[in-house]
Amino acid sequence: MGEAPTTEDGTVTRSAEYVGSFLVDDFCLDDQIMQLHTQLKHLTACKRSRPVTLKFSLKGVKMYDEDEMTLLMAHALRRVSLSTARPMDAQFAFVSHNPGSTDAQLYCHVFKARHARAAQFLNLLLCRCFQLSYLEKHPEEEQERSTGSLPRRNPSLLNHGFPLSVSALVSFRRAPFRGLLLSTKKSKKSSSDLHDSQDDVFSSSSPSLIRKKVIRAKGLRSGAYRSFTFTPLKQRSVQEQLSVSQEKDQDKMPTRRSRAPSLAETEEALAQAVWAWAGLATDSCYSLLADDVLGSYLLCPHPKKPKCGSLIIRFPSGLITYLIENTRKGKFMLEKCKTEFDSIAELIEYYSVTPDELPCQLSSARVNHCYEWEENTNTQQAAKPHKSSTKARVKSTH
């Protein structure tokens, strides 16, 4: 499906067909999911639909007509309680309540996509909005970033042990390091002079001109096809100056920041981000998964084997960790299961259709953990879904 088209404000636009909406009973979460999928099955026979345009962002979901001229529906993200999909019928749906509504009634809004992958993509977009919204509101639970300074580049090729001769200069049209071929007199200049002289010695001219300029500058002795280590005292002096120069530049360099999460991802990247709760600390993922729908899952490194992958699934008995094993044929399989797959995506897709050896099948539905419920317009008191105050217990199949 390629990359999701996005605007500068981070809004992703997709097309779909609006089937309709229905009331959702106030059941517990697992019973509510069962009711939703039962109703969605009945709506597969519905022939009436309307082409619409859906816009997803961290602010919420908006539905426009096909020409994007008329706004038909708008839901703030905090008013959307969950998102789900039935790829086999190309259905996508989300549950929300109307802002300022006094009847406190939930509605499920159903859409039909062009095909199964499109329906799943719509669901992934909204699920990722839930996750990014949670990260925005709970920065303390964000996964640790690499905030260290940029790695320092080695000041010369000496540390690599490469002999840099005239023939080597022909291979490198522009030498990557500054001031290494300057004469002893020039090496005594300041680091700023060294930087200025680099363009004089290493211009973007032909290799032969570079070689001639270097020889004229007496940076290489006539006929010397040797390593730079033939003048250790000279090189030590130059390298010390380069180190001082780079230390000054290093202080001015900004710290490295990881790329801000975005909805503008390819389908594969978006799926990986949703499955792995990208950006959130692992302990927080466990806690949120324990309060999610039955069959929800987390793709992460194995708690006891960090070099191996695992799939943590929420079952009626709690969270169960399955090691993802690599077979000799390069395929993937869950431990204590017999079915092999060519990729993790195929594995997840398979168990989302049939439970097979698992207690229940995987679910594409996800809860919005930033969902706010207002019982009336006068009370601004919001309630989130219940969240365990203690760390979620994770069982292993070992």
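The values are calculated or read from the model by the stated rules, or taken from the named source; none is laboratory data. All of these numbers come straight from a predicted model, not from anything done at the bench. Methodologically, a virtual Cβ is constructed for each residue, glycine included, from the backbone with ideal geometry; neighbour enumeration extends over all protein chains shown. These area figures cover heavy atoms from the full protein model, side chains too; ligands, DNA and RNA do not enter into them. Shrake-Rupley method; radii C 1.70, N 1.55, O 1.52, S 1.80 Å.
Derived scalar couplings between HN and Hα for region 40-51 equal 5, 4, 5, 7, 5, 7, 5, 8, 8, 7, 10, x Hz in order, rounded to whole Hz, by the Karplus curve 6.51 cos²θ - 1.76 cosθ + 1.60 (θ = phi - 60°), x for Gly and Pro. Cβ-Cβ distance of Glu357 and Thr13, R₀ of 51 Å, FRET efficiency by 1/(1 + (r/R0)^6): the value works out to about 0.80. Against the criterion of solvent-accessible heavy-atom surface with a 1.4 angstrom probe, Asp283, Asp30 sort, most first, into Asp283, Asp30. The distance linking region 308-374 with region 21-100 is 25 Å (Cα centroid to Cα centroid, whole angstrom).
Under 5 Å from the amide H of Leu280 lie the amide H atoms of Gln143, each residue being 5 or more positions distant or on a separate chain, with H modelled from the backbone and absent for Pro and chain starts. Expressed as a whole percent, the accessible surface of region 277-377 that belongs to carbon and sulfur atoms is 52, based on a 1.4 Å probe. Around the amide H of Gly309, modelled in the peptide plane, lie the amide H atoms of His302, Ile324, all under 5 Å away and 5 or more residues distant in sequence or on another chain. Using the Cβ-Cβ distance between Glu325 and Asp65 with R0 = 51 Å, the FRET efficiency computed as 1/(1 + (r/R0)^6) comes to roughly 0.55.
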